Amino acid sequence: MNQYTRMIVVLVAISLAAGALLAFSYEVTNPKIQEQAQQALEQAVMKVIPGAEKMTTVEKEGMTLYIGTDNQGNKKGIAFKTTGSGFSGPIEIMVGYNPKEGKLTGIEILSMSETPGLGARIKEPAFTDQFKGKSVKDDFIPKKDVKVITGATISPAAVSKAIKSSLATVTKIYPVGGDF
Amino acid sequence: MLKELFFIIVSSVLVNNFVFSRFLGNCPFLGVSSKTETAVGMGMATTFVLTMTAVAAYFIQHYILMPFGLAPFLQIVSFILVIASLVQLVEMVVLKISPALYNAFGIYLPLITTNCIVLAVALLIPLKNYNLIESTIFGLGAGLGFTLALILMSGIREDMEFGDVPDALKGPAIVFITAGLLAMIFLGFAGLVPL
Amino acid sequence: MVKDFVNGLWGENPIFRAVIGICSALAVTTAGQNGIAMGLALTFVLTCSSILVSILKNIIPSKVRIPCYIIVIATFTTIVDLFMKAYFPALYQVMGIFIPLIVVNCIVLWRAEGFASKMSLIRSIADALGMGLGYAWAITLISIVREILGSGTLFGIHIMGANFTHWVIMLLPPGAFLVMGILVGIMNMITRKPVKNTHCH
Amino acid sequence: MGEYKFITTSSPHIHSGESVQRIMFNVAGALMLPAAAGIYFFGLRALVLIIITTLAAVLTEAIFQKLRGKPITVWDGSAVVTGILLALNLPPGLPLWMAVVGAAIAISLGKQVYGGIGMNPFNPALIGRVFLMITFPVQMTTWINPVDGTTGATPLQIMKMQGVSTDYIKLFLGNIGGSLGETSAFMIILGGLYLLYKGYIEWRIPGFYLGTVAILSVVLGRDPIFELLSGGLMLGAFFMATDMVTSPISRLGKIIFGIGAGIFTVIIRFYGGYPEGVSFSILLMNAFTPVINRYTVPRIYGEVKVR
Amino acid sequence: MLKTFRGGIHPPYNKDLTKHKPVETAKLPDRVIIPMSQHVGAPCEPIVKVGDLVKKGQKIGEARAFVSAPIHASISGKVTAVEPRPHPGGGMVMSVVIESDGKDELFEGINAPKPLAELSPDEIKNLIRESGIVGMGGAGFPTQVKLSPPPGKTIDTIIVNGAECEPYLTADHRLMVERPDDVVLGLEAIMKATGVKNGYIAIEENKPDAIEAIRKAIQAKDGIELVELATKYPQGGEKQLINAVTGREVPSGGLPMDVHVIVDNAGTCAAIANAIKTGMPLVERIATVTGTAVNEPKNLLIRIGTPFSEIIEQCGGFKGEAGKVIMGGPMMGLAQSVLDVPAIKGTSGILVLAKNDVVLSEQSPCIRCARCVDACPIHLLPTTLGKFAERGMWTEAEEYHALDCIECGCCAYVCPAHIPLTQLIRLAKNHIMAAKKK
């Protein structure tokens, strides 16, 4: 076997071995990864819709909506994802909405990269809880009807703005007072 | 569209500078920031390779990995191999077409393969769902941000030669501290661009 | 053999003495558990790669050895990446792209090329473990400092009292660089040897 | 006559008599003007803050030099200037221990790690300030209203959040919320003019800095007078951008420095997350200074122009 | 507006000590020590030996090279030694020592030549060379060499340097007040020798009486103009003077003739006038003896070769403790370690500073105040050059134009950190020159 063939053979062999090993690892981990993602999503939905135990996914007008139901099959609310542009990156928010009452049922910050100790405090219940029971007809203006965090004004504003603007679409699909 | 591209550039150069805020490319940042001349050469070479990598990563992701469902597990391997061969290729081409250019930054090319900015840019492009032009600009911006960091640091380090840094802090320690102060300053750009 | 192991832990500690592979050491070290997790991830890749490189050292032609090493390293990195995504999603989210970036972490290639490709299997394993754990304790130390000052906690447990004012900078990039610089300085003082920065290649 | 022993040092044999110490104490003296305004508006608390910060700065310098076994040179007055400047950049109500941390950081990381006076790449007082701003953001943005002692916002914050301007006279005299020594444009200008007159600062940096901010404000449709008088701009332009150690040495370099600082200040103020960008801008230009120095070597007398 | 250049400093001038004092003729020295090198260029060869009798004006040193100037006896008497002696410029230099016979007899060969109107340019140049006339501002460049530009170089302007910007010194000032016609005659001779129609006499505005005297002297002269300069050091630096008067810049590494200019000191002009009027070579000159540690500061007409000790004695000796004895002014003069060095052709003054006035401050780190940058008349970056020199970075120093430094001392004068910048740059220059010679 001359030098070059040997080089090629070794490279190909290693590549094939690596590919096989990776494909195998992927097969092993993939179901678990999918499961994790699904679990995380469900957890977030349950959290923003109190009383929900199950969820169904619907696609309407380009939006993905999660309808939460309890064990008896009673619809408890709608959840949807929205993204705001924060101080140092996007903020992903899960929002729970009850069309019947025209109120929010809760929000949850899914991911963000705001300043720790400052903007990052939008994750804390002290901030998120104020949206529970908030009328969707409110203005969502920081310092007016949304409490802000000392030292950080941009992150709460970004959250409020993102919720308000996506509510505009959602309330068209599921108008206030209507069924869902 | 133009606005978005502008934001990508400003973001990767100033707001989220790859060295000072994303912690990438620290090894070459430490290694080649002692002289402004080498800093400029390294910066230029890296920017060039980064821009090309961004284009290559876009095509590989969208035309090879995704269509065949290989993305989740072959991404890393394929990107790193592409980067390594790209650097080799660039080195050969530059040597062929312009020996002068090769002398200017050719010596830095082999160091670029292990510059984690390159792989990071390749990995971030699919993550951020950038289109082709955005990807190119992102690569360019990353390179320019890295170059800026290198030039600033090299200027300070050249001046530091005349200073009297305590023995214990000589070498990487004072570079880290200076990088920390620079990172602090770059935080001033936080919130500049709606990302 | 013991010497090889200790070398990485102290004498040639990748973070504090050789000062390489520091990107991740700066990026993920906002909390103690991140430091441990990243340290173990790197140790895994480093050890597996070293084993393989040491075994294959006589088979791989020297001209293609770098591409081969890279494929080996990239493979193990991807495995870590997939497993962390599957079993530690929360940690994975914090580490971000710094898990895949282990591929270009200079420590791995440095040891593969500089040690494992020349030494016996046993010595290579000792060296890889030493280096990996040396990296791990170093970045865990950085993480602890940043966590205590930045969040007032140690491995998530509040230790600084309720009235503690968080030093926000510690959780941000400048804090990482500053802590790193000061710790390298302190290490220099302890060993009374100026640090020698090993270049990647 | 022949038995005299003469000193045979090299020419020149006379000296201007200027010294680093004299420069530093003159700057410190000029700083007393805005400091006085701060004490007048914010009360005794401001005085205590200035004293504590200055003491901490001097002490840190002495300790650092002692540890390094170097001669202790706190009498050159540079640490005093850093201490006072830092105090003038702090909210009057800042907890004292934080001010001490700021002063210690300013002198240690900002100055002594580089070898002390003359070798620091960044303005130490600003390093201290920005460190505190990032470390303790809440406390560093809690402003006291000089009228009633309640907490309030600075004119720039009010502008950023509500788009409301503040009365020019108030801005000029300093009867507003803000850092201890940055509110009274009048006193700062007075101190700046004194230093200009004495030749301890150079007009180009503050001139081009303020000019750039004013012009950009007009171009971008803002009120230039408001932008000039509010925030730390005046204090920064006259007392911090002009720091000799950290600004370029050539005339052209100083002009570039001033314009650059102006541009970054406007960018951060108008588009950034922080309401104020003076500290960051000056520090950023400090970082650029070595590069500026490198590329603005003046054309020497008789240098043949490169064709 | 007064003409000037960019950069420079305003040191205290201290000229009041002597500026109103008319030039006194010094008493005949008992002994003179005449170094064979008092100029830029090749040293002279002594043409007398021990025991020879010489007379005033007799040539005792022959200039063999082109760039050189002969040297003459300044008194009559007996040669007692021909040996190396301490030189005010430093080191030991071959010197002729003449013991005075007290008669001060004139050498027979000295006769007044034809009047200027009848002299040809070559005759003038020859007379200047044979009279041993060199630049008397301190540098000592042989004047005739300056007047003979190589082919291809044209001269269109002559400037007489009457700036006398060095603090303390008033020798040229008094000369212009007392003998303005000699200065003008010298200029005319130079103009004729070089065929140039434009002559300027440039004087700093702090010498109104000299300006008045020269103004009167040139009233009837064509092509000669008086230029008033701002008072600023180093206004009398050749390059600064050319820039102020003509707006031209001597190229880096070049000479005034590259911009078609010749600059001569007022004292040099008077020496030329003297040679034309009497045929007397350069054997005496006016020097200002001054300083805070001199009892009676004076402007003295001294014989070349008179030891410093004798000159200072004539001014009442030292007042208090003398700390520094300087040949020349305080900015560029050379500090002397002993007093038995002789006055030479370039000795424009002897400055004695009291011990308390000698600045020996401790150096502190550079604070980059850039005062030196603003002061440098060449627009160098003295602080950067100083840093390079401190670390032996000679190549970098050369890149930053160290060789263009004129060593005027402005940078060191203004430096608040008391860094000896001029000395450091001089060191760099020496190293660069040494490396070039290799």
Given the conditions (1) more than 8 Å from chain D (Cβ to nearest Cβ); (2) under 20 Å from the mean Cα position of the chain (by Cα); (3) part of a helix (DSSP H, G or I), and given that B:ALA168 satisfies all but one, which numbered condition is not satisfied?
-> (2)
Yes/no for D:GLY29 being small (Gly, Ala, Ser) and open to solvent by less than 10 Å² (accessible area, probe 1.4 Å) | no
Odd one out for C:TRP137 among (1) within 8 Å of chain B (Cβ to nearest Cβ); (2) modelled with pLDDT of 95 or more = (1)
The one condition A:PHE24 fails out of (1) aromatic (Phe, Trp, Tyr); (2) buried (at least 17 other Cβ atoms within 10 Å of the Cβ); (3) not in a strand (DSSP E or B) is (2)
Tally, over segment E:210-242, of residues that are out of contact with any Leu (no Cβ under 6 Å at 6 or more places or on another chain), among the β-branched types (Val, Ile, Thr) and assigned to a helix (DSSP H, G or I) | 2
Note: among E:GLY333, E:GLY329, just one is facing another protein chain (nearest Cβ under 10 Å), open to solvent by less than 10 Å² (accessible area, probe 1.4 Å), touching a residue at least 40 places away in the same chain (Cβ under 8 Å) and touching a Ser or Thr at 6+ places or on another chain (Cβ under 7 Å), namely E:GLY333
The helices (runs of 4 or more DSSP H) lying entirely within segment B:15-122 that contain at least 3 residues which are in contact with a Lys or Arg (Cβ under 7 Å, 6 or more places away or on another chain) are none
Determine, yes or no, whether E:ILE276 is more than 16 Å from E:GLU166 (Cα to Cα), buried (at least 21 other Cβ atoms within 10 Å of the Cβ) and touching a strand residue (DSSP E or B) at 6+ places or on another chain (Cβ under 7 Å).
-> no
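Quick one: is C:ALA90 at negative phi, open to solvent by less than 20 Å² (accessible area, probe 1.4 Å), assigned to a helix (DSSP H, G or I) and aliphatic (A, V, I, L, M)? Quick ask: steps written out before the conclusion?
On the way: at negative phi: yes; open to solvent by less than 20 Å² (accessible area, probe 1.4 Å): no; assigned to a helix (DSSP H, G or I): yes; aliphatic (A, V, I, L, M): yes.
It is false that C:ALA90 is at negative phi, open to solvent by less than 20 Å² (accessible area, probe 1.4 Å), assigned to a helix (DSSP H, G or I) and aliphatic (A, V, I, L, M).
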Looking at A:GLN36, is it within 30 Å of A:GLY133 (Cα to Cα) and within 10 Å of chain C (Cβ to nearest Cβ)?
-> yes
The helices (runs of 4 or more DSSP H) lying entirely within segment E:132-195 that contain at least 2 residues which are touching a residue at least 24 places away in the same chain (Cβ under 8 Å) and more than 19 Å from the chain's Cα centre (by Cα) are E:180-194
Is there any pair linking a residue in segment C:1-30 that is free of Cβ contacts under 8 Å to residues at least 24 places away in the same chain to one that is basic (Lys, Arg) and assigned to a loop (DSSP other than H, G, I, E, B), with Cβ under 7 Å and at least six apart or on different chains, and which?
-> C:GLY11/C:ARG17
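Among the listed residues C:VAL179, C:VAL145, which satisfies the condition of being within 10 Å of chain B (Cβ to nearest Cβ) and part of a helix (DSSP H, G or I)? Break it down into steps so the answer makes sense when it comes.
Details: C:VAL145 fails: within 10 Å of chain B (Cβ to nearest Cβ).
C:VAL179 is the lone residue from the list that is within 10 Å of chain B (Cβ to nearest Cβ) and part of a helix (DSSP H, G or I).
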First in segment A:53-65 and under 18 Å from A:LEU167 (Cβ atoms) and in contact (Cβ under 8 Å) with a residue 24 or more places away in the chain, second anywhere and of a type in the set (A, V, I, L, M) and not in a strand (DSSP E or B), Cβ under 8 Å, 6 or more apart | A:LYS60/A:ILE173; A:GLU61/A:ILE173; A:MET63/A:VAL170; A:MET63/A:ILE173; A:LEU65/A:VAL170; A:LEU65/A:ILE173
Considering D:LEU59, D:LEU88, which residue is in contact with a Pro (Cβ under 7 Å, 6 or more places away or on another chain), crowded, with 17+ Cβ neighbours inside 10 Å and closer than 30 Å to B:THR178 by Cα?
-> D:LEU88
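Taking the stated definitions as given, is B:LEU182 without any contact (Cβ under 8 Å) to a residue 40 or more places away in the chain, within 7 Å of another protein chain (Cβ to nearest Cβ), part of a helix (DSSP H, G or I) and buried (at least 22 other Cβ atoms within 10 Å of the Cβ)?
On the way: without any contact (Cβ under 8 Å) to a residue 40 or more places away in the chain: no; within 7 Å of another protein chain (Cβ to nearest Cβ): yes; part of a helix (DSSP H, G or I): yes; buried (at least 22 other Cβ atoms within 10 Å of the Cβ): yes.
Considered against the rule, which asks whether it is without any contact (Cβ under 8 Å) to a residue 40 or more places away in the chain, within 7 Å of another protein chain (Cβ to nearest Cβ), part of a helix (DSSP H, G or I) and buried (at least 22 other Cβ atoms within 10 Å of the Cβ), B:LEU182 comes out as no.
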Residue in segment E:154-164 that is surrounded by fewer than 18 Cβ atoms within 10 Å (Cβ to Cβ) and out of contact with any Cys (no Cβ under 6 Å at 6 or more places or on another chain) present | yes
Could you tell me which numbered condition D:VAL164 fails, if it satisfies all but one of (1) touching a residue at least 60 places away in the same chain (Cβ under 8 Å); (2) hydrophobic (A, V, I, L, M, F, W, C); (3) part of a loop (DSSP other than H, G, I, E, B); (4) over 30 Å from E:ALA417 (Cα atoms)?
-> (1)
Could you look through segment C:17-44, keep only residues that are open to solvent by less than 10 Å² (accessible area, probe 1.4 Å), part of a loop (DSSP other than H, G, I, E, B) and not hydrophobic (A, V, I, L, M, F, W, C), and pick out the one that is farthest from the other protein chains (Cβ to nearest Cβ)?
-> C:THR29
Within segment E:383-409, track down each residue that is within 10 Å of chain D (Cβ to nearest Cβ), within 17 Å of E:ILE367 (Cα to Cα) and either within 22 Å of the chain's Cα centre (by Cα) or touching a residue at least 24 places away in the same chain (Cβ under 8 Å) (or both).
-> E:THR383
Condition broken by E:GLU398, with the remaining ones in (1) touching a helix residue (DSSP H, G or I) at 6+ places or on another chain (Cβ under 8 Å); (2) surrounded by fewer than 21 Cβ atoms within 10 Å (Cβ to Cβ); (3) farther than 18 Å from B:GLU158 by Cβ satisfied = (3)
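The values are calculated or read from the model by the stated rules, or taken from the named source; none is laboratory data. Because the structure is predicted, anything quoted here is derived from the model rather than measured. Neighbour counts run over all protein chains shown; Cβ positions are idealised from the backbone, glycine included. Heavy atoms of the whole protein, side chains included, go into the accessibility calculation; ligands, DNA and RNA do not. Shrake-Rupley method; radii C 1.70, N 1.55, O 1.52, S 1.80 Å.
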